[in-house]
Amino acid sequence: MQRILEEIQDEVRPLLHRGKVASYIPQLADVPREHFGMAVHTVGGEVFQVGDADHRFSIQSISKAFTLTLAMQLEGDELWRRVGREPSGTAFNSLVQLEHENGIPRNPFINAGALVVTDVVLSHLAEAKKTVLEFVDSLVAGEPVSYDLEVARSEAESGHRNRALAHFLKSFGNLHNDTDAVLDAYFHHCSIAMSCSELAEAFLFLVCGGHVPGRDQPLIRANQAKYVGSLMLTCGTYDSAGDFAYRVGLPGKSGVGGGIVAIMPGHFTVAVWSPGLDPSGNSLAGTKALELLTTKTGISIF
Ligand code: GLN
């Protein structure tokens, strides 16, 4: 596995300059495109990594998998009254579908869906921002995980589309809390800074039937872990989910910070980071790296 990761790092190098760094969040615009990191954590506790795998970056929408897991813990299937489970086929921050579908977002991984999930979390937890951070932090050993307050502030100042989505949801009665409170929590979740190695570690519960390795009580039930994984496969990379599934063959969740986490149930988790994005907002070299991983190892869910 180590040799394969090193080969992948060499092979994707020419792609690092092809992607476009997310600039609509000003604080992310200056991240150098040269970065590349990749980490694999196996269910047996082995860790393989290359490049900038220990460098923390903005996890952005990867956080949506954490908040969905929390919402499932807190609310179970009730959640599906307010958000769908179908791929959107539209951009992650699109407004058009929401009007057609009466304020019920297609899935929990597009921004509109994640805002509803955040609203659910806020309704259940008195100190939601603190609790979400503690939840994510509890999934990784080592240095405490934290919010990048500069990134959160930068997105709060420039996040007009998300504000529009939140108010639109509110107009349909599908946000129960104050829109500013939901947006504030959402921007903070997106600003969490983690490394590839930490992300791969944090997602292990999804390849272990909902169990965090070494813990007695499962985080979520095995069928709920299946649900999160299935949604990652069908919706985790937005309007590229079909192409991502075709090329990579693993459920994945991306973020505009350039990170992608993918899971191989029963075997391993993998996280990759390269800030240059493709037009759908997924890491360009990162997607290629994951495609190479499943091609070279011959391991995918198919
Ligand atoms: N915070 C970002 C936004 O809401 C997250 C988007 C993403 O990572 N795809 O636009």
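Where a number appears in this text, it was derived from the coordinates with a stated rule and is not lab data. This structure is a prediction, so every number in the text was calculated from the model and none was measured. Here Cβ is always computed from backbone atoms with ideal geometry, including for glycine, and neighbour counts include all displayed protein chains.
What the table shows:
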{"item": "When residues of segment 279-302 are limited to those that are assigned to a loop (DSSP other than H, G, I, E, B) and more than 15 Å from Q60 (Cβ to Cβ), the one nearest to the ligand (Cβ to nearest atom)", "result": "P279"}
{"item": "Members of segment 256-279 found to be of a type outside the set (A, V, I, L, M, F, W, C) and either surrounded by 24 or more Cβ atoms within 10 Å (Cβ to Cβ) or within 14 Å of the chain's Cα centre (by Cα) (or both), listed by number", "result": "G257, G258, G259, T269, S274, P275"}
{"item": "Where I62 falls short, out of the listed (1) within 16 Å of the ligand (Cβ to nearest atom); (2) aliphatic (A, V, I, L, M); (3) not in a helix (DSSP H, G or I)", "result": "(3)"}
{"item": "Residue among S171, S195, S154, S94 that is within 30 Å of V47 (Cβ to Cβ) and either among the hydroxyl-bearing types (S, T, Y) or touching a Pro at 6+ places or on another chain (Cβ under 8 Å) (or both)", "result": "S195"}
{"item": "Single unsatisfied condition, R33 versus (1) exposed (fewer than 14 other Cβ atoms within 10 Å of the Cβ); (2) of a type in the set (K, R); (3) assigned to a loop (DSSP other than H, G, I, E, B)", "result": "(1)"}
{"item": "Criterion (surrounded by fewer than 18 Cβ atoms within 10 Å (Cβ to Cβ) and within 15 Å of the ligand (Cβ to nearest atom)) met by exactly one of R106, R153", "result": "R153"}
